[in-house]
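Written out below as structure tokens is the structure these notes cover.
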Ligand code: GLC
């Protein structure tokens, strides 16, 4: 593996003129190369994440289903969405508040006209198990009298022109200024502002537009920023602006809650995975963008970002019943599981469509909730190894050339293979299974790998396969994480011998780092007898463990 650590504007050319020649260049800065050696591809990912940092174990609820839309204009809109999810019995944990919850898009303010008394709607839907994530943009409105602007000016916290004037460009609030996040005191100031939001009951922060985006053209290269004490320019800082903003947000949430911070960021650099989850920005409701999801999330995973997702259904343009259906199926194991769309487009909650869409949407979201302990185990392991949740087949089958350019299927962990339908109108899927014995998740049929075959995939079916010898932990379905305690653990397993390690803790804070958790080692022998060995025991255990054989 190779990591070229340079934050300047960079150019990547992978064989554009000559397929024998790849090159990478940057316009300035140092030639800092790191080479990562290893026998296996997984060694490279482990080595790279040892260097740049690993995605930490998130809170369990963050792995649930999230609903978002740019276009929820009032507390009433939010309330209706929350009620509808419970009424239709489609599990949902989180509702995202896009920019309209703010007063005139001033960050760290509240739009009382549309959203009522600050925080009231958050408390109201929390009674029904909903958590709220709100958006924060870096651009601070140029508005004397607005506290955040005045404080930043008084303390000299904003980026400047080479002539020493505060630099102004335009974002959602109109004329705006940009915090100089490379400086510790600016990050601390920003971090502490999150306390007001957290005190209102907000559970996570969505850092957007932090490239930084600007409407009156990009920031000139010579705008003055800092890298800690050292003065530098936008040219050097641009690619780490989102990284530094996420770092501040992470620190603020951690300091003021003591829980594992949930931060989503649009812009990132190598290492941002330590602080934030990413999503792939403003995609469109297009089949080609659904297809892109698989390589995008697998590549992010291989680059350390185990926690990533796409806007399910597509952000821009109008989605269709079939596209939304196939997207929710394909994304059921996407680490970040969020339906989001742009104002002015067709609304995208499942009930905007017919009963068939609602039924299939419900089926897959419920399935997601069943698989939560599996995803959580993968995050727990990933914190120690850097290996991602969603993986390209080549990561585990590097000697099989068929996996080198396979963009229509992926692994979840090592032993669950998902082959979603990604083409409009298709009701069959050409599936490739690598070497070994596999079991069809839906029918239990045993299939020997090392071949392609055609699998029927009607509109409500996403082909999935379990490798022989696997166990997958599952929970019972719930409307949201925390609805009831998880008393039973189900182990979905293939026939014959199988084993698995499972982690259990409170799903929220850092107690596990002080030993407050259970680690189970399950082993099922060829006769189907399950043995449980507690490799670490310091948390209330499940009351029962149930074995389920795949397809039965
Ligand atoms: C950006 C974000 C998008 C958000 C919109 C409004 O386009 O990428 O997700 O909805 O801004 O805040």
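The values are calculated or read from the model by the stated rules, or taken from the named source; none is laboratory data. The structure displayed is predicted, hence computed values, not measured ones. Cβ: placed from backbone, ideal geometry, glycine included. Neighbour counts: every protein chain shown.
Points worth noting:
- In the condition set (1) at pLDDT 95 or above; (2) assigned to a loop (DSSP other than H, G, I, E, B), residue 100 is compliant with all but (2).
Residues are listed down the side, and each one gets a yes or a no for (1) in contact with a strand residue (DSSP E or B) (Cβ under 6 Å, 6 or more places away or on another chain); (2) away from the ligand (no atom under 15 Å from the Cβ); (3) in a loop (DSSP other than H, G, I, E, B):
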| site | (1), (2), (3) |
| --- | --- |
| 314 | yes, no, yes |
| 324 | no, yes, no |
| 336 | yes, no, yes |
| 343 | no, no, yes |
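- No other residue among 182, 174, 71 is farther than 21 Å from residue 204 by Cβ and in contact with a helix residue (DSSP H, G or I) (Cβ under 9 Å, 6 or more places away or on another chain) apart from 182.
- Of the set (1) farther than 18 Å from residue 287 by Cα; (2) not in a loop (DSSP other than H, G, I, E, B), all apply to residue 388 but (2).
- Of all residues making up the range 111-157, the number that are away from the ligand (no atom under 16 Å from the Cβ) and either part of a helix (DSSP H, G or I) or surrounded by fewer than 21 Cβ atoms within 10 Å (Cβ to Cβ) (or both): 30
- Considering 369, 441, the condition of being closer than 29 Å to residue 506 by Cα, away from the ligand (no atom under 16 Å from the Cβ) and surrounded by 16 or more Cβ atoms within 10 Å (Cβ to Cβ) is satisfied by 369 alone.
- If you go through the range 483-503 and keep only what is free of Cβ contacts under 8 Å to residues at least 40 places away in the same chain and in a strand (DSSP E or B), you end up with 498, 499, 500.
- The set of residues in the range 15-30 being closer than 24 Å to residue 242 by Cβ and without any contact (Cβ under 8 Å) to a residue 40 or more places away in the chain consists of 24, 25, 26, 30.
- Inside the range 201-219, residues that are touching a helix residue (DSSP H, G or I) at 6+ places or on another chain (Cβ under 6 Å) and either away from the ligand (no atom under 16 Å from the Cβ) or closer than 15 Å to residue 133 by Cα (or both) make up a count of 4.
- Matching residues, the range 45-97, being more than 16 Å from the ligand (Cβ to nearest atom), within 14 Å of the chain's Cα centre (by Cα) and not in a loop (DSSP other than H, G, I, E, B): 60, 61, 62, 63
- Taking the range 1-37 as the range and being exposed (fewer than 14 other Cβ atoms within 10 Å of the Cβ), modelled with pLDDT of 95 or more and within 23 Å of residue 400 (Cβ to Cβ) as the test, only 37 passes.
- Lone unmet requirement of (1) within 16 Å of the ligand (Cβ to nearest atom); (2) assigned to a loop (DSSP other than H, G, I, E, B); (3) within 30 Å of residue 3 (Cα to Cα) for residue 289: (2)
- Looking only at the range 506-524, residues that are free of Cβ contacts under 8 Å to residues at least 40 places away in the same chain and surrounded by fewer than 20 Cβ atoms within 10 Å (Cβ to Cβ) come to 11 in all.
- Counted residues, the range 203-217 - those being part of a loop (DSSP other than H, G, I, E, B) and within 27 Å of the chain's Cα centre (by Cα): 9
- Meets criteria (in a loop (DSSP other than H, G, I, E, B) and over 25 Å from residue 319 (Cβ atoms)) for residue 376: no
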